[in-house]
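Structure first, then comments.
The values are calculated or read from the model by the stated rules, or taken from the named source; none is laboratory data. Given the structure is predicted, the values throughout are model-derived calculations rather than measurements. Quick reminder, even Gly has a Cβ in these numbers, built from the backbone with ideal geometry, and neighbours come from all protein chains shown. SASA here: full protein model, heavy atoms, side chains in, ligands and nucleic acids out. Shrake-Rupley method; radii C 1.70, N 1.55, O 1.52, S 1.80 Å.
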Amino acid sequence: MIKVAASILACDLARLADEVKRVEKHVDMIHFDVMDGHFVPNISFGLPVLKALRKETKLPISVHLMITNPEDYVDRFIEEGSDIIAVHYETAPHLHRLVHKIRDMGAQAFVAINPHTPVFLLSDIIMDIDGVLVMSVNPGFSGQRFIARSLEKIRNLRKMVKELGLETEIMVDGGVNEENASILIKNGATILVMGYGIFKNENYVELVRSIKQERGEFAD
Ligand code: DX5
Ligand code: ZN
């Protein structure tokens, strides 16, 4: 079953609770982008906002940590109610320890990779994680154009997961829209993150419905 995550970076943040309530019956999870102004050239929101949002929705929340020192913060993001924590491969020299810490605390551990980071670098961590977050734009902003090369990364990742007999989720984040959703699913994506595709799209209900009817063929 394909899942859709609504990325709140693209919503009207002055009305965050209303925006989440507007979309929550259509989507499977909320995507919460944390940016520190160091790892990425933007600053978004963090722990107090997560705490406030947690009271407003029962949907799972996936926290995408775009920060240079994730090991200092994962505990608090889990305590404030994140269900999934995605840490960037590029930010974590002790990734094995970190993903096990996330899992031991009861959250799902995802590893995010930037557009330049090859999939093969995950070969010795893939069995320790619940999902991979493939960045299909350079992280930092909503509303950017999908980088076409990401499709092949997803296909390679699907192959790796299949060969190892794993059930790792493949989340794709950045520039996902009505034009590329179907092909992403056919190539192995299992969770589509959308900011503009949901909050800045009058036809998002129809888009999400059609996405959820898609089936991955997971061909190599
Ligand atoms: C980018 C963020 C994405 C972004 C997606 O750094 O990680 O989650 O909000 O937004 P769209 O779907 O508009 O590209
Ligand atoms: Zn994100």
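Overview of values
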{"item": "Matching helices (runs of 4 or more DSSP H) fully within the stretch 170-220 where at least 2 residues are on the phi < 0 side of the Ramachandran plot and within 13 Å of ligand 2 (Cβ to nearest atom)", "result": "196-199"}
{"item": "Any hit, the stretch 14-21, residues being closer than 18 Å to PRO70 by Cα and touching a strand residue (DSSP E or B) at 6+ places or on another chain (Cβ under 7 Å)", "result": "no"}
{"item": "Options HIS38, HIS94; residue that is free of Cβ contacts under 8 Å to residues at least 24 places away in the same chain and either closer than 22 Å to MET127 by Cβ or not hydroxyl-bearing (Ser, Thr, Tyr) (or both)", "result": "HIS94"}
{"item": "Residues located in the stretch 161-173, provided they are open to solvent by 10 Å² or more (accessible area, probe 1.4 Å) and closer than 19 Å to LEU207 by Cβ", "result": "ASP173"}
{"item": "Test: residue in the stretch 78-90 that is more than 15 Å from ligand 2 (Cβ to nearest atom), open to solvent by less than 10 Å² (accessible area, probe 1.4 Å) and at pLDDT 95 or above", "result": "no"}
